[in-house]
Amino acid sequence: MELIKTDIAIVGAGGAGLRTAIAVAESNPDLKVALISKVYPMRSHTCAAEGGAAGVIKSDDSLDLHFNDTVGGGDWLTDQDVVEYFVNEAPKELLQLEHWGCPWSREPNGSVGVRPFGGMKIKRTWFAADKSGFHILHTLFQTSLKYPSIERFDEFFSIDLLMADGRCQGVVAMEMKSGRLFRFQAKAVVLCSGGAGRMFPFSTNGAIKTGDGTAMAYRAGVPTKDMEFVQYHPTGLLATGILLTEGCRGEGGVLRNKDGYRYLQDYGMGPETPLGEPVLKTMELGPRDRLSQAFWHEQQKGNTIPTSWGDSTHLDMTHLGEKHIDERLPLVRELSITYAGVDPVKEPVPIRPVVHYMMGGIHTNIDAETPVPGLFAVGECACASLNGANRLGSNSLTELLVFGKRAATNAVEFARNRNAEANESELQEQADKAQTKIRELVQRSGGTESIAGLRAEMTKSLEEGAGIYRTEETLQKTCNTIADLRKRYAGIELHDKSNVFNTDLFQALELGNMLALAQTVAEGALARKESRGSHQRLDYEARDDEQYLKHTLAYYQGDEAPRIDYHDVVITKSKPGVRDYSGGAK
Amino acid sequence: MSAVQLELEILRYDPEKDQEPHFQTYQVACQEEWMVLDAINHVKDEVDTTLSYRWSCHMAVCGSCGMMIDGQPKLACKVSVKDYANKKVRIEPLANFPIERDLVVVQDDFMEKLKRVKPYIIRKEEQPIEAGEYKQSPAELKKFKQFTLCINCLCCYAACPEYALTPEFMGPAALALAHRYNTDSRDQGLAERHKELSKPEGVWDCSFTDTCSIACPKHVDPASALQQLKIATTVQWYKELIGMGDK
Amino acid sequence: MAYVRPVSKTTWYLKDRNYTIHMINELTSVFIGLYALLLLWGIGAVASGDKAYYQFFLECLTSPGMLVLLWVTTIVIFYHAIAWFKVTPKAMPIQKGEAFVPGGVIAGAHYVIWVLFSLVVLYFAGVF
Amino acid sequence: MAKVNKALFWSLFAAGGTLTAFVFPVLALITLIAAHGSPPDGIPEIMKFEQMQGLLANWFGKLAAFGTVSLALWHAAHRLRVGLHGLGLRADGLVAVVGYGIALVGTILAAYWLVQI
């Protein structure tokens, strides 16, 4: 096993990982950074984010407004100290990206343009047409090439964290092209490994979004937080689940049911706004949880359009005109034509809600620290409690910048102040265990379970039990199913025994990671007997601040279901109130 | 949901077992809405789990699933199975790259070349963040915008005959990105990039076949960038010749 | 070990229609070169005086072999011009305001200038 | 050195390509007509000695002729070099020396003769 000694090891080279790496390299060029990722940086799923990144820049906006939108949007399950720090840092980070060359869309006078987004009271979403995440990722990746202290380990699959003396001291990862294991020994480790949307059958997430880092931390004893909060994006393209950005609605697109009726007005988001004149925090510019829930109700009422790919409603942009769509939403048009055969310039696009984002993740605080010293986490894999029970669109791209930088600062400080010798023998022992685990998995024979089979059962069960609306009964069933699947996972057999780019093996590891996390989603949801943000219980329809204005923590218990615990929400200046998206009308 | 029958001939290669690659045939009954990637995923999930290939986003933006489909470099997630209905379709790893395993190619060469063109903003003096953004008009943005759309899928390298003949050639995507930064109004790094671009394996190995632009699934025009770069490189060379090289 | 597929260094341009067209374009240079040499020959002949011009240049052009070569050269030269104008917009895109001038317009402008120039030359040469 | 050559030769190639695209077709056409001789049906004689001499006697004519012939030669030499490389001829150095050599000699000859006219 090869040993790589480094100062800061970063797992994941998407937006969060790259921002963290750059921040370390910029301020501390003498520190070695190992950037470890199972894919090349440009393949990371940050590239699929479309709409934009929120940050206060215009004179009609204020930090308080961004704060209020975020806290209310998150149904008060946000830590307000975190939100305050975030809104304060957001503009600086977005400007920094501008200085690094991000091709933000511009106003005629040359300043950066902003567009409206759901749940935001003011236009504050910086955008690069409808490929904002793509441009952010490539800007960061290309900028990272400037720094010689960043050493990338592309296509290295992280297997386990290495813990000794009560702190995290590295990670063991497999070089995918050779099957060889590498032991990365680091003074601090930052997890930036993304979400786990592939736990669900219908998701905007790419194949790589399997929660590997989150599961790794969870297995190592770090609790996950608020995993039951899963965001459904209201406008996923039918059949594939490809994301059609909220920018579609920001630019004036509207949702219609099978009768052409703009149904959102029936769900507390009216009154109907005139076509082509979107009103902030109203109708189509309501938050994602509410819009997805409205779809579910329409479906119950039989107002959706049945298709061979499931029920759908329409996202109508035909009134925006070809020129505007080509300028602001070129990708949306291309995707609709390629994957649904529908030109949004001419016809409404069939859509349905689709799993998009995990609000939950590794338990972190305002410093991006996990409870384990030396271990930090940033981005979708983490839960800094910025997003609460429902993330507002365009906050997550900014989040990975703001907290990437924060994590870098704190990881550097930790690494600098930690002169204790690494516990080499203990670390090697753990790495050997990981080696054995992999070998056992590859060589095991006589198994009867298939990866694809178990995966299909898992995704189906999560969707049925822990979808947009949940009940005790469906959740309990899902909890049982997932527990059973975790047992059956021991019975899978790999047919690929090769050491070279063994995707059979990687899929098996990913499935194991997803199954562990699926259990935290279902168990967390079962325990939370209230409705809040994206977690809606038909049997407990109201929000219950008395009992559940708390974060859910889930602790790994080996083969058993996780232990559920709770953690206080930080409230500084905004007392829990009513989420109002009716444009001021009562 | 009518079905489309596809006969996939997939190039297989496992360096631990095979001396050289060979084709393996799979019959796949596809749903009409499927992309070729969905058909390959079907093979992986249901027929042969040993098949190795890269993929992720399934929306033509991550650039993972570039491969030769029926002899042409394409993103597997962006071509419909209907285009090949009832046909034998050859699926091969991207041309001009070494095969690591099955449809997975070695991309280290591109990663190295990308770094060499310095694809980032270079300035003599940084404006502090507090001073706000660099102003850039929509026209200035448009000037380089299309070249920012490259997803690094490497279809252009697979299409480029010069890269096949002269592997040292920097190639279309890396050079298009050099041009993207050279023409960004915020950048002042042309003279610095010139050192790399003016080498024989820089812009000069391009013989302008235009096949990179034809292959690009994102409608970027690297061939155009290359020709503009040749002009810029020539101008810069003459400038340096008379001692006015610094941009 | 990664497997490197062999590439033919001598027949690659037959594998793809676009490659073949490209190779044809490259080989137009043979005839451009030949015609340039012919012009040079003519200049030399003019420099050598009246008699030499007719005897060692213009009359040589009228031989059957030369005529065939001239026909081929002329056709290739026209092909070269068309192929060249076709790709010029790629090498020299023109941005007007925010938008780029369509390639067809740029190529079209080239054709207009080309035709006008040719007519003027033909006129002064005494062809009509 | 290689660096020098590439930018220099490419600029000559590009300039020559553009110039020949505009100028060569009509010149070739005239040459072709002249080569067919003057049939009795009254098409005027062209490319007569006096006409050519008159054209090349003034400095504008000399310059135009020099530029056209010389750039065309450099264009052809460079493009042929690239083309032969593509055809599999690996003696790139030799091809370059011979091709550019011919272009250089042609350039000098053109200048020499033009000055004499």
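The values are calculated or read from the model by the stated rules, or taken from the named source; none is laboratory data. For clarity, every value in this text was computed on a predicted model and none was experimentally measured. Cβ placement follows ideal geometry from the backbone for every residue including glycine, while neighbour counts extend to all protein chains displayed.
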Problem set entry | Cβ pairs under 7 Å, 6+ apart, first in the stretch B:15-40 and touching a residue at least 12 places away in the same chain (Cβ under 8 Å), second polar (S, T, N, Q) and not in a strand (DSSP E or B) | B:32/B:2
For this session: Output the number of the condition that residue A:118 fails; it satisfies all remaining conditions of (1) more than 11 Å from chain B (Cβ to nearest Cβ); (2) of a type in the set (Gly, Ala, Ser); (3) under 21 Å from residue B:146 (Cβ atoms).
Result: (3)
Exercise. Just for the stretch B:125-147: of the residues that are among the aliphatic types (A, V, I, L, M) and more than 7 Å from chain A (Cβ to nearest Cβ), which one is nearest to residue A:113 (Cα to Cα)?
Worked result: B:139
For this session: Give the stretch D:92-107 a look and list any residue that's surrounded by 12 or more Cβ atoms within 10 Å (Cβ to Cβ) and either touching a residue at least 12 places away in the same chain (Cβ under 8 Å) or under 17 Å from the mean Cα position of the chain (by Cα) (or both), or say none.
Result: D:95, D:96, D:98, D:99, D:100, D:102, D:103, D:104, D:105, D:106, D:107
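Among the listed residues A:280, A:264, A:237, which satisfies the condition of being touching a residue at least 40 places away in the same chain (Cβ under 8 Å) and surrounded by 22 or more Cβ atoms within 10 Å (Cβ to Cβ)?
Answer to the check: A:237.
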For this session: Could you tell me whether any residue of the stretch A:313-327 is under 24 Å from the mean Cα position of the chain (by Cα) and closer than 29 Å to residue A:206 by Cα?
Result: yes
For this session: Can you work out which of the residues in the stretch C:21-33 that are surrounded by fewer than 21 Cβ atoms within 10 Å (Cβ to Cβ) and at the interface with chain D (Cβ under 8 Å from one of its Cβ atoms) is nearest to residue D:25 (Cα to Cα)?
Result: C:30
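What residue, of B:155, B:150, is at the interface with chain A (Cβ under 9 Å from one of its Cβ atoms) and crowded, with 18+ Cβ neighbours inside 10 Å? I'd like the intermediate steps shown before the answer.
Values: B:155 fails: at the interface with chain A (Cβ under 9 Å from one of its Cβ atoms).
None of the other options fit; the residue is B:150.
Of these, D:75, D:85, which one is crowded, with 20+ Cβ neighbours inside 10 Å and at pLDDT below 95?
Details: D:75 fails: at pLDDT below 95.
Every option except D:85 fails the conditions.
Among the candidates D:14, D:28, D:110, single out the residue that is surrounded by 14 or more Cβ atoms within 10 Å (Cβ to Cβ), at the interface with another protein chain (Cβ under 8 Å from one of its Cβ atoms) and over 28 Å from residue C:112 (Cα atoms).
On the way: D:14 fails: over 28 Å from residue C:112 (Cα atoms); D:28 fails: over 28 Å from residue C:112 (Cα atoms).
Being surrounded by 14 or more Cβ atoms within 10 Å (Cβ to Cβ), at the interface with another protein chain (Cβ under 8 Å from one of its Cβ atoms) and over 28 Å from residue C:112 (Cα atoms) holds for just one of D:14, D:28, D:110, which is D:110.
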Problem set entry | Of all residues in the stretch A:429-449 being in contact with a strand residue (DSSP E or B) (Cβ under 7 Å, 6 or more places away or on another chain) and modelled with pLDDT of 95 or more, the one that is surrounded by the most Cβ atoms within 10 Å (Cβ to Cβ) | A:431
Seminar exercise, completed: Selection from the stretch A:85-100 of residues touching a residue at least 40 places away in the same chain (Cβ under 8 Å), away from every other protein chain (no Cβ under 14 Å) and buried (at least 22 other Cβ atoms within 10 Å of the Cβ) yields A:86
For this session: Six or more apart or on different chains, Cβ under 7 Å: which pairs go from a residue in the stretch A:485-512 that's assigned by TED's automatic domain parsing to the domain that holds residue A:459 to one that's assigned to a helix (DSSP H, G or I) and among the small types (Gly, Ala, Ser)? Could you list them?
Result: A:489/A:512; A:492/A:508; A:494/A:508
For this session: Sort out which residues of the stretch A:7-44 are crowded, with 23+ Cβ neighbours inside 10 Å and hydroxyl-bearing (Ser, Thr, Tyr), and write them in order of number.
Result: A:20, A:37, A:44
For this session: Could you tell me whether the stretch B:85-94 includes any residue that is basic (Lys, Arg) and either part of a strand (DSSP E or B) or touching an Asp or Glu at 6+ places or on another chain (Cβ under 6 Å) (or both)?
Result: yes
Exercise. For the stretch B:99-110, how many residues are within 7 Å of another protein chain (Cβ to nearest Cβ) and not in a loop (DSSP other than H, G, I, E, B)?
Worked result: 4
For this session: Would you mind finding the one in D:57, D:21, D:65 that is in contact with a helix residue (DSSP H, G or I) (Cβ under 7 Å, 6 or more places away or on another chain), more than 21 Å from residue B:228 (Cα to Cα), at the interface with chain C (Cβ under 10 Å from one of its Cβ atoms) and not hydroxyl-bearing (Ser, Thr, Tyr)?
Result: D:65
Problem set entry | Flag if residue B:202 is over 20 Å from the mean Cα position of the chain (by Cα) and within 9 Å of another protein chain (Cβ to nearest Cβ) | no
Exercise. Can you pull out the residues in the stretch A:130-140 that are farther than 19 Å from residue A:95 by Cβ and either facing chain B (nearest Cβ under 10 Å) or touching a His at 6+ places or on another chain (Cβ under 9 Å) (or both)?
Worked result: A:131, A:134
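Residue-by-condition table, conditions (1) modelled with pLDDT under 95; (2) within 14 Å of another protein chain (Cβ to nearest Cβ); (3) at positive phi:
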position	(1), (2), (3)
A:277	yes, no, no
A:295	no, no, no
A:303	no, no, no
A:307	yes, yes, no
A:314	no, no, no
A:320	no, no, no
A:332	no, yes, no
